[in-house]
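Taking it in order: structure first as structure tokens, then the write-up.
The values are calculated or read from the model by the stated rules, or taken from the named source; none is laboratory data. Remember, predicted model here, so these are calculated numbers, not experimental data. Backbone-built Cβ (ideal geometry, glycine too); neighbour counts: all protein chains shown.
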Amino acid sequence: MYYVNREQIERRLNILPELTQVLQAAVSAEEPSLVERFAEERALHLAIEIVTDVGSYLIDGFIMRDASSYEDIVDIILDEKVIEADLHAVLRTLVGLRKPLVQEYFDWDRSGEHEMAKSLPQALERFARGVRAYLDKEGIRS
């Protein structure tokens, strides 16, 4: 029997609609302010943390192979068929932004919207659906 903390996974997935709102607002702003750029940056950062946190919960709960990096977390959930290959590519690019956002934030380009800001809302929705479908298929209830 597996112990998967669906409640903690759901708490994280439930933040995704708010991140989607922030990203969409940043993209739709005609002349985004510095505050909107920082909001976009924070939304990207939180999206990374949510994807990797949820992936880690799945890996630990289902006793999947150990992850060696943030990118590996995304690779494992692809291998375990939680997500599809096209979504994997987007999420792999996303988690690749962690170091620039968290460690090299002083070099982050805030002059315009980040290229992921447009495609990420749909990807995050697909990620949440995929995780929930996987949990349901495995019989993990709240």
**Prompt:** So how many residues does segment 93-122 have that are outside any helix (DSSP H, G or I) and either surrounded by 14 or more Cβ atoms within 10 Å (Cβ to Cβ) or of a type outside the set (Asp, Glu) (or both)?
**Reply:** 9
**Message:** Quick check on Tyr57: is it loosely packed, with under 12 Cβ neighbours inside 10 Å, among the hydroxyl-bearing types (Ser, Thr, Tyr) and touching a residue at least 24 places away in the same chain (Cβ under 8 Å)?
**Reply:** no
**Request:** Determine whether Tyr57 is at negative phi and part of a loop (DSSP other than H, G, I, E, B).
**Result:** no
**Prompt:** Out of (1) part of a helix (DSSP H, G or I); (2) crowded, with 19+ Cβ neighbours inside 10 Å, the odd one out for Val82 is which?
**Reply:** (1)
**Complete:** Checked pairs for segment 103-127, first in contact (Cβ under 8 Å) with a residue 40 or more places away in the chain, second surrounded by 12 or more Cβ atoms within 10 Å (Cβ to Cβ) and part of a loop (DSSP other than H, G, I, E, B), C-beta under 7 Å and 6 or more apart or across chains, list as Glu113/Pro32; Phe127/Ile83
**Request:** Write out, first by first residue and then by second, each pair whose Cβ atoms fall under 6 Å of each other, whose residues are 6+ apart or on separate chains, and whose first residue, in segment 15-32, is under 16 Å from His45 (Cα atoms) while the second is polar (S, T, N, Q).
**Result:** none
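Looking at segment 32-50, is at least one residue of a type outside the set (Asp, Glu), more than 17 Å from the chain's Cα centre (by Cα), over 23 Å from Ser142 (Cα atoms) and crowded, with 18+ Cβ neighbours inside 10 Å? Step through it out loud before you land on a result.
Taking segment 32-50 as the starting set, the residues that turn out to be of a type outside the set (Asp, Glu) are 32-35, 37-39, 42-48, 50.
Keeping just the survivors that are more than 17 Å from the chain's Cα centre (by Cα) gives 32-35, 37-38.
Then drop every residue that is not over 23 Å from Ser142 (Cα atoms), which leaves 32-35, 37-38.
This time we only want the ones that are crowded, with 18+ Cβ neighbours inside 10 Å, so: 32, 37.
Looking through segment 32-50, at least one residue is of a type outside the set (Asp, Glu), more than 17 Å from the chain's Cα centre (by Cα), over 23 Å from Ser142 (Cα atoms) and crowded, with 18+ Cβ neighbours inside 10 Å.
Quick check: anything in segment 82-101 in contact with a His (Cβ under 7 Å, 6 or more places away or on another chain) and among the aliphatic types (A, V, I, L, M)? Spell out the reasoning first.
Filtering segment 82-101 for residues in contact with a His (Cβ under 7 Å, 6 or more places away or on another chain) gives 101.
Of the ones still in play, those that are also among the aliphatic types (A, V, I, L, M) are 101.
Yes, segment 82-101 contains a residue that is in contact with a His (Cβ under 7 Å, 6 or more places away or on another chain) and among the aliphatic types (A, V, I, L, M).
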**Message:** Can you find a residue that is modelled with pLDDT of 95 or more and either assigned to a loop (DSSP other than H, G, I, E, B) or closer than 20 Å to Trp108 by Cα (or both) anywhere in segment 6-18?
**Reply:** yes
**Prompt:** Does segment 72-87 include one or more residues that are within 15 Å of the chain's Cα centre (by Cα), touching a residue at least 12 places away in the same chain (Cβ under 8 Å) and more than 20 Å from Leu16 (Cα to Cα)?
**Reply:** yes
